[in-house]
Amino acid sequence: MTTSGALFLDFDDTLVDFSAFMIAWVRAIGDVAMHRLGGESRFWSDAAVEILGRLEAEYRALFVGNPLAGYRQWLHEVRGREARAALAQAGLPATDENVAIIIDAFQRSLLSVGTPIAGALELLDTLDKMPVGIHLASGQDSDHLLYALRGLGVRDFAGYRFGPDLIDCAKEGPEYYERCFALSAAVQPWIVVDNQPESLEWAIAAGATAIHSCVLPDTDCSSPDGVAASITDLAQLPSLIDAILSDGQCRAHRQPG
């Protein structure tokens, strides 16, 4: 199928309910680590909560306002560091095998986590039949997105899973979207769907058409200037995309040639 534009979907709170996702994920991490390394599931789940909290704080200190500060190298370093810290807390040796087991537990556990927002899977199925390239554009890393999609039952996602590691740029400014658009080699219009107003501002600055996803009740629905539309139900999205693609084709035909 020939595509006439590209869609860049956020993941957390756009396709999955992030709060429910995190609760299920840390429980699943505990179960996977327990089966591989022993101990109690609750211990490993608590360790996962501490690790994720430290990573969030460190991420904000490093990358907010500075998206090109080396996300890819940072992610590689902190995975090993935090795995060794968890093993030390458990009184286990930090062998290469044990470190790999901890890192793998954070990823493999996503296979059993499925908390899609109502209509998300139906949306992906509908979009797959439309003449638009479909990509993810998330603050989560690309491996996380791969396993999380599989946990939702999505195994044949053909587009890019843009996490900051894939483009070595944190999702903290227009540079993130500029790199997504360049790497995907997508033709315009670029359509970005996100629940965060700040992300939409960055997408607009990078040249995208922005759609504000206000599907969850606690979403900040104060859309920034320049947003093309907002949705309160994912079922509204395909018709909006059709309209944007049609408008883009009309504009292209009107260009002097």
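Per residue, the chain reaches -17000 deg cm²/dmol at 222 nm when only DSSP H runs of four or more residues are counted, each adding -39500 (n - 2.57).
Phi angles of segment 192-203 translate, via the Karplus equation with coefficients 6.51, -1.76, 1.60 and θ = phi - 60°, into HN-Hα couplings of 10, 10, 8, 8, 9, x, 5, 4, 5, 4, 5, 5 Hz per residue; Gly and Pro are given as x.
Were the residues from Ala88 through Glu58 laid out at 0.36 nm apart, the gain over their Cα-Cα distance would be 8.8 nm.
The length gained by stretching the chain between Asp128 and Asp242 to full extension, at 0.36 nm per residue less their Cα-Cα distance, is 39.7 nm. Each label was represented as a point 7 Å from its Cα along the Cα-to-Cβ direction; for Asp96 and Glu40 these points are 3.4 nm apart.
For segment 50-116, what % of the accessible area comes from carbon and sulfur atoms, probe 1.4 Å?
Numbers: 1930 of 3570 Å².
Here it works out to 54 percent.
Between Ala185 and Val78, residue separation times 0.36 nm minus the direct Cα-Cα distance comes to 35.5 nm. Comparing Asp242, Asp12, Asp165 in a Gaussian network model of the chain (Cα springs below 10 Å), the most mobile by mean-square fluctuation is Asp242.
The values are calculated or read from the model by the stated rules, or taken from the named source; none is laboratory data. Keep in mind it's a predicted model, so treat the numbers as computed, not measured. Please note: Cβ atoms are built from the backbone with ideal geometry, for glycine as well, and neighbour counts cover all protein chains shown. These area figures cover heavy atoms from the full protein model, side chains too; ligands, DNA and RNA do not enter into them. Shrake-Rupley method; radii C 1.70, N 1.55, O 1.52, S 1.80 Å.
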